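Here, each number is a calculation from the coordinates, and none is a lab measurement. In this text the structure is predicted, and so the values were computed from the model without any measurement. Note that we place each Cβ from the backbone using ideal geometry, even for glycine, and neighbour counts take in every protein chain shown.
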Amino acid sequence: MEVCRAWLAHMRVRWYLLAGRRQAALALLDQALGRCPHDTRALATRAHVMAELGDGAGALQAQAQLVALRPADAAGWFNHGYLCEAAGRLEEAEQAFRRAVAIDPRLDRAWYGLGLSLIAQRRLDEALVALRKNTELQPMSPYGWYQLARVHVDRQEPAEAEMIIRHLQRFEPRIAAQLHRETGLGGQPAHA
């Protein structure tokens with residue numbers, strides 16, 4: 001009976017979210033968590049809804065509860081890091097991203113988040129390592145490559161940044177052009 005009630009409540013939450021009724025969904029989630037404070041699905045959904053509503057502190061609190069309940073969940077640590085970074089809590093974000101990649105070294109978005117948090121802390125050597133791992137795991141995504149080029153520029157390594165821009169010209173010419181505009185590097189188009 002309890003499993004059935006939890007399933008129905010979850011379906012109602014999903015329906016409210018699909019209908020754009022986030023506050024109603026949040027009220028149902030709060031009821032569910034009142035009955036079962038360790039409901040990890042409800043906590044994860046609550047963190048997501050609160051973030052969408054612009055309540056970063058509430059989202060971070062729900063996500064912190066979630067990772068406390070599921071400390072071996074790499075995705076949970078990634079989400080925690082993302083919320084910490086958005087709140088400007090860079091050291092906490094770094095630690096959460098490091099925890100995520102320790103659990104799942106193939107979680108490319110956690111490597112990217114780690115790189116961003118290290119860039120924000122001006123720890124460019126470490127950011128370079130994280131972003132290289134991100135681009136190794138996600139070679140066709142321009143985001144890691146873009147940040148990697150920016151780090152090379154900040155480290156006064158224009159040749160490395162130009163190589164990345166030329167690489168991006170092959171599959172993401174818009175991003176390559178953006179980097180060229182921002183840096184003045186790599187202006188020659190790649191030839192097929």
Taking only Cα atoms, what is the 0 to 90° angle, nearest 10, from helix 173-183's long axis to the longest principal axis of the chain?
70
Ellipticity estimate at 222 nm from DSSP helix runs (n ≥ 4, -39,500 (n - 2.57)) divided over the chain, nearest 500
-25000 deg cm²/dmol
Separation between the Ala159 and Glu52 pseudo-spin-labels, each 7 Å from Cα along Cα→Cβ, expressed in nm?
5.0
For region 67-153, what log10 I(q)/I(0) values come out of the Debye formula at q = 0.12, 0.15, 0.21, 0.23 1/Å, with one point per alpha carbon and no solvent?
-0.30, -0.47, -0.89, -1.04
D (µm²/s, integer) via Stokes-Einstein for the chain, Kirkwood Rh across alpha-carbon pairs, 20 °C, 1.002 mPa s: value 116
Size of electric dipole in the chain: Cβ of Lys, Arg +1 and of Asp, Glu -1, about Cα centre, debye, nearest 20
580
When you count, for each residue, the other Cβ atoms within 10 Å and take the mean per peptide, how do 140-150, 120-130 rank with the highest first?
140-150, 120-130
Viscosity 0.890 mPa s, temperature 25 °C, Stokes-Einstein D of region 113-192 from Kirkwood C-alpha radius, µm²/s
198
Towards the positive end of the charge dipole of the chain, with charges on Cβ (+1 Lys, Arg; -1 Asp, Glu), say which of Leu128, Val153, Tyr82 has the farthest Cα.
Tyr82
Quick one: compute the contact order of region 29-176, relative version, from alpha carbon pairs under 8 angstrom and 6+ residues apart, as a percent.
12
